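Take a look at the structure set out below.
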Amino acid sequence: MSELLATAVAAVGGTERPGQVAMAEAVATAIRTGDHLAVQAGTGTGKSLAYLVPALRHAVEREATVVVSTATIALQRQLIDRDLPRLEKALEKPLGRKPTFAILKGRRNYLCLNKLDSGMQDEPDDAALFDPFAVSALGREVTRLREWVSDTETGDRDELNPGVSEQAWRQVSVSARECLGASRCPVGTDCFAEKGRAEAGRADLIVTNHALLAIDALQGFQVLPEHDLVIVDEAHDLVDRVTSAATAELTAASVAAAARRAGRVCDQELADRLLEAGDGFALLVEDLPEARLDSIGEPMANTLAAVRDAAYACLSGLGPDQRNSDVEVATARKLAQSQLDEVHDTAVRLLRAFETDDAHRRDVVWRTGETNRPPALKAAPLAVSALLRERLFGQHTTILTSATLTLGGTFDSMARSWGLPAEQGESVKSEGAATDKSIEGPKWTGLDVGSPFDHARSGILYLAKHLPPPGRDGLPPSYLDELAGLMEAAGGRTLGLFSSMRAAKQATETLRKRTELPILCQGEDATALLVRKFAEDTATCLFGTLSLWQGVDVPGPSLQLVVVDRLPFPRPDDPLASARQRAVEARGGNGFLSVAATHAALLLAQGTGRLLRSTEDRGVVAILDPRIATARYGGFLRASLPGYWTTSDAEVVRAALRRLDAAS
Ligand code: SF4
């Protein structure tokens, strides 16, 4: 393996790194033994090559198919546009033939030629109907999509630049449920999604995303071609992505849209009954509190039952599917059926969620109240561990990797959330050590290959324990003073990671008045553009919230200070986190530590990981929230961060930042 890896590394112009070699060997062993593997590999390890090389060798030698799943489009692009084309050439000779690869996404990501041709576009929702600007903007976007068809070879939404709104894309795409099926579809032979699937079926390695991986596991039918090895990169995000894919939503608009579609293909009376049930739902959902629901009360239960029954009546009213019916009729029927199925199944799921007592509930239900969106009832699984254990680990050898998989120094939290048994003993804490965990459930190995960075020499962790704990009413003045002092000392170069948009804006407004340093705030422009401006000018600072915690990769002197205002615990009213916490407590566990502290530890490790992106990088991570130094759980959070040199002396930190500024 090390020889093959060396060939690959030479071909991509990199240097061999011990962590990369250890990881590639471990991946090769896992493939051979069939045991699952979790590998923590710090930024700069070159982990994609460390799994791609053994995976491609396995695929070519065994004529098998390997699936690589990522959470972000950025990593997907890196694999497809950079790593795999280079490996294709480099490994051709040693493997005896050129390995092949393809990308596969959910059907919704590809433009549907049949929907575009048949004129079966969705009607804009009620809110948009009353806004002529929204309707004309939508029309312009759909026209642009029609023009794009003749330019695109893939029909892949991610290749459309600039992109279009979700509503416009829905006009030209279908879900797997809505698709007519290639054999029946008049444009099935030209279908972009079908071409993507066919290409994936021939490839040695398929790159996909966690959502499709989840759908493949959730659905009764196969979405991904037959495969025997799954590699989950960015595995720290797997549970959230799978949870999102398994979340259902009911809105009055979705009921009305299903009723309108039903009205085209079945008895209008049946469609009107559904419309009426939807009106009842609209009235009641409006009055529910924007929170997790532990019960729904009789009126809502009756309304949901009415929606369920009316949707079922419409489905029955569709009659049997006539194989020889006209394409337009078949398309209209399929679209109606899929929307009715969704409304029916969601109403059933919402009702079932309340049938058992709290301790045995599998779904969490809450009423959303997002700005510019109608109120909805959502149902999400309390846990996805059983699903992953049965449908992922139970069926394929699985390699999970990320820069952040150990929390509090062990793989335990992550393993539990994936449905794997927690590790036994403490030995995984040391870098490079591997342990076997085979007590119960799928057999797996955890390996931390460390990081090429010398954290203790390259970074300072500043814990501002003299500050007051964060309050409810925005950032305390002492936080803003501290932040200003650090930014001035660093000469800008600051990434401010805030726990809320409100705090990011407050810091931006206040500090713009107090300092000459240019400050960019998330939301003022496209995030990618803001990050580019930040990277181009060392004096510029960038403030923002969640997407910056995970999405900023700026090596070099433009980023030498990462400031975190508050420990990123989930909000107390977060429906899923609070329900998960309660479920752990009901089993006698520590809900706060298992759910809230774990969530904070993961985000903190991700956010502060923005500081060191190359071995030359130097700087400071400053955590203003003193609880990381003073609270009981502080030790767990600190153990989730790499071994920076740690201090609580503000003057030492400012002096270090001044020196770095002068040296840059
Ligand atoms: S096969 Fe399905 S996705 Fe493809 S064009 Fe036909 S209906 Fe659309």
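Based on C-alpha pairs under 8 angstrom that are at least 6 apart in sequence, the range 1-51 has a relative contact order of 45 percent. Charge tally for HIS466 (other residues, Cβ to Cβ under 15 Å; Lys, Arg +1; Asp, Glu -1): -2. Here the range 519-633 is described by how far its Cα atoms reach on the three principal axes: 51, 28, 22 Å, from widest to narrowest.
Computed about the Cα centre, the dipole magnitude for the range 264-330 is approximately 260 debye when only Lys and Arg (+1) and Asp and Glu (-1) carry charge, each at its Cβ. What shape does the range 10-100 take by its C-alpha gyration tensor, where a ≥ b ≥ c are the square roots of the eigenvalues and a/c under 1.5 counts as rounded, a/b above b/c as prolate, and the rest as oblate? Since a/c stays below 1.5, the shape of the range 10-100 is classed as rounded. For the range 151-267, a Kirkwood hydrodynamic radius built from all Cα pairs, placed in the Stokes-Einstein relation at 10 °C and 1.306 mPa s, yields a translational diffusion coefficient of 93 µm²/s. For the Cα trace of the range 210-339, dividing Rg by the Kirkwood Rh returns an Rg/Rh value of 1.07. Computed over protein heavy atoms with a 1.4 Å probe, the accessible surface of the range 217-333 works out to 47 Å² per residue. Report, in degrees rounded to the nearest 10, the 0 to 90 angle that the Cα long axis of helix 575-586 makes with the longest principal axis of the chain. Rounded to the nearest ten degrees, it is 70.
Among GLY643, VAL563, SER578, pick out the residue whose Cα is farthest towards the positive end of the charge dipole of the range 562-664, where Lys and Arg carry +1 and Asp and Glu carry -1 on C-beta, about the Cα centre. Of the options given, the answer is SER578. Database remark: amide H of LEU520 closer than 5 angstrom to the amide H of CYS541, LEU542, PHE543 (H placed geometrically; neighbours at sequence offset of 5 or more, or on other chains; Pro and chain starts carry no H). Measuring between their Cα centroids, the range 346-362 and the range 279-325 lie 15 Å from each other. 3J(HN,Hα) along the range 168-183, derived from phi through the Karplus expression 6.51 cos²θ - 1.76 cosθ + 1.60 where θ = phi - 60°, amounts to 5, 5, 5, 5, 10, 9, 10, 7, 4, 5, 7, 5, 5, x, 4, 5 Hz, with x in place of Gly and Pro. In the context of the full set of protein chains, the range 448-591 has a per residue accessible area of 44 Å² (1.4 Å probe).
In the chain, taking the dipole from charged Cβ atoms about the Cα centre, the farthest positive-side position among LEU387, VAL531, THR368 is held by VAL531.
Coupling constants for the range 449-459 follow from the phi torsions by the Karplus curve (6.51 cos²θ - 1.76 cosθ + 1.60, θ = phi - 60°), and in residue order they are 8, x, 9, x, 8, 9, 4, 5, 8, 8, x Hz; glycine and proline get x.
For the range 24-74, the equivalent ellipsoid built from the Cα gyration tensor has semi-axes of 19, 14, 10 Å, listed from largest to smallest. A simple packing score, the average count of other Cβ atoms within 10 Å per residue, orders the peptides 139-147, 632-640, 394-402 as 394-402, 632-640, 139-147, with the highest score first. Taking 32 Å as the limit for the C-alpha separation, the pairs LYS98/LYS533; LYS105/LYS378; LYS47/LYS443 exceed it in the case of LYS98/LYS533. Cα-based values for the range 530-588, radius of gyration first and Dmax second, are 17.3, 52 Å. Hydrodynamic estimate: the Kirkwood radius of the range 201-246 over Cα pairs, inserted into Stokes-Einstein at 4 °C and 1.567 mPa s, corresponds to D of 114 µm²/s.
Near the amide H of VAL207, within less than 5 Å, lie the amide hydrogens of VAL68, ALA102, ILE103, LEU104, all on another chain or at least 5 residues away, with H placed in the peptide plane. Here the range 327-388 is described by how far its Cα atoms reach on the three principal axes: 48, 32, 24 Å, from widest to narrowest. Counting pairwise Cα distances across the chain, what percent come out greater than 35 angstrom? So the portion of pairs separated by more than 35 Å is 49 percent.
When only Cα pairs below 8 angstrom with a gap of at least 6 residues are kept, the chain shows a relative contact order of 15 percent. Using the 1.4 Å probe convention, the accessible area of the range 1-108 works out to 40 Å² per residue with neighbouring protein chains retained. Magnitude of the charge dipole for the range 607-664, about its Cα centre and with charges confined to Cβ atoms of Lys, Arg (+1) and Asp, Glu (-1), is about 140 debye.
Think of the chain as a dipole: +1 on every Lys or Arg Cβ, -1 on every Asp or Glu Cβ, centred on the Cα centre; then among LEU657, ALA301, GLN171, LEU657 lies furthest on the positive end.
When both the range 565-580 and the range 455-523 are represented by their alpha-carbon centers, they are found 22 Å apart. Between ASP279 and ARG202, the FRET efficiency estimated from the beta carbon spacing at R0 = 60 angstrom works out to 0.75. The sum of -39500 (n - 2.57) across all DSSP H runs of n ≥ 4, divided by the residue count of the chain, sets its helix-only mean residue ellipticity at 222 nm to -14000 deg cm²/dmol. Take every DSSP beta bridge whose two residues both sit in the chain; close to 25 percent of them are antiparallel.
Each Lys and Arg Cβ is given +1 and each Asp and Glu Cβ -1; about its Cα centre, the chain then shows a dipole of about 1180 debye. Per-peptide packing, taken as the mean over residues of other Cβ atoms within 10 Å, places 284-295, 82-93, 457-468, 249-260 in the sequence 249-260, 457-468, 82-93, 284-295 from highest down. Quick check: the angle from helix 477-490's long axis to the longest principal axis of the chain, C-alpha only, nearest 10 degrees? The angle comes out at about 70 degrees. So for the pair ASP573, LEU218, with labels modelled 7 Å out along Cα→Cβ, what separation do we get in nm? Simple spin-label model gives 2.6 nm for this pair. For the range 268-276, putting each phi into the Karplus relation 6.51 cos²θ - 1.76 cosθ + 1.60 with θ = phi - 60° gives couplings of 4, 4, 5, 5, 5, 5, 5, 4, 5 Hz, in residue order, rounded to whole numbers and with x for Gly and Pro.
The values are calculated or read from the model by the stated rules, or taken from the named source; none is laboratory data. The structure presented is a predicted model; accordingly, all values stated were derived computationally and were not measured. Ideal geometry is used to build each Cβ from the backbone, glycine not excepted, and the neighbour counts take in all protein chains shown. Areas reflect the complete protein model, heavy atoms only, side chains present, ligands, DNA and RNA absent. Shrake-Rupley method; radii C 1.70, N 1.55, O 1.52, S 1.80 Å.
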